[in-house]
Every structure is written in C-alpha cells, then in structure tokens.
C-alpha cells in the first residue's frame with residue numbers, strides 16, 4: 001500500500017521540484033526570459049526620419065524568417081503591432097497604393113501571415129483629408145495613434161520590437 005501511495009505522489013513531487021529549479025535558473029540567468037513575460041511587441045518607428053516603416057517591416061520579415069519565430073516553446077509570437085500616425089498614414093490608403101506599392105505589398109503579406117498588425121491613426125488621417133473608408137483592407141483604424149502606442153506599452157505591457 002505504501003508503494004502505491006509513493007507512486008501516486010512521486011510525479012507531482014518531481015514536477016514541483018523541476019519547477020523550483022527552473023524558477024531558480026531564471027533568477028540566476030538574466031538571459032533566460034520566460035516567453036510569456038512579454039505579451040506582444042510594438043514596432044519602434046521614428047516618424048521624423050523617412051524610410052523607418054520600410055526598415056521596421058524588413059526587420060519583422062527577417063524575424064519571421066528566423067528559426068526563433070517558429071521554434072518558440074509557445075509557438076509563433078503575437079503579431080508585431082505597427083501604430084502609424086502622422087503623414088505616413090497616407091501610404092495605407094487605397095488611393096495612394098501606386099506610390100507606396102513595395103511597402104504596402106510587404107505590409108499586406110506580413111499581415112496575412114500574422115506577423116504584423118497595422119493600426120492607423122484616424123486623427124492623422126483626417127488631417128490629410130482621408131477617412132477610414134479608404135483604408136486598405138488589412139489595416140485597422142485607431143482613434144489617436146500616440147494614445148494607442150501608450151496603451152499598448154503601459155496597459156498591455158507590450159515591448160518595443
């Protein structure tokens with residue numbers, strides 16, 4: 001009877017011990033970060049410099065093509081959020097597709113693969129004379145881009161990509 005009780009409780013004891021060891025390892029090794037500590041990433045884009053969206057999209061594409069993306073223990077990561085505001089919102093409108101074709105095609109492809117999530121500021125859109133009806137199909141509108149960025153970083157605990 002004692003052996004039966006030992007066999008019943010042994011797996012739980014072993015799993016509890018391994019969990020304690022992993023927790024200690026994470027504390028002792030700062031390079032080890034649990035995958036669930038960051039709920040998502042937001043693209044870091046400097047809207048004062050041209051070409052930043054294209055560069056950030058290429059970084060996201062390289063990340064998607066890396067082995068890290070698929071070999072994560074939790075599976076592929078959540079999409080990297082691109083919050084676009086300022087004059088750059090113009091590139092995500094159907095009327096401007098021809099002018100920004102290469103950037104838009106890359107963004108659409110990465111969006112369809114679930115690598116990125118593009119959100120466009122409606123306040124900035126109104127300032128350039130556009131509204132949400134002309135947005136490309138893979139783009140989501142947000143009321144005010146800087147507030148959405150702040151919300152993702154502070155309330156949702158996202159990190160910069």
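Values in this text are rule-based calculations from the coordinates and carry no lab data. Note that this is a predicted model, so its numbers are computed, not measured.
Normalised by the empirical 2.2 N^0.38 Å for globular proteins, what value does the Cα Rg of segment 96-161 take? Intermediate results must be reported in sequence, preceding the final value.
Details: Rg = 13.0 Å, N = 66, 2.2 N^0.38 = 10.8 Å.
The value comes to 1.20.
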*Taking N as the number of residues in segment 35-160, what is its alpha-carbon radius of gyration divided by 2.2 N^0.38 Å?*
1.04
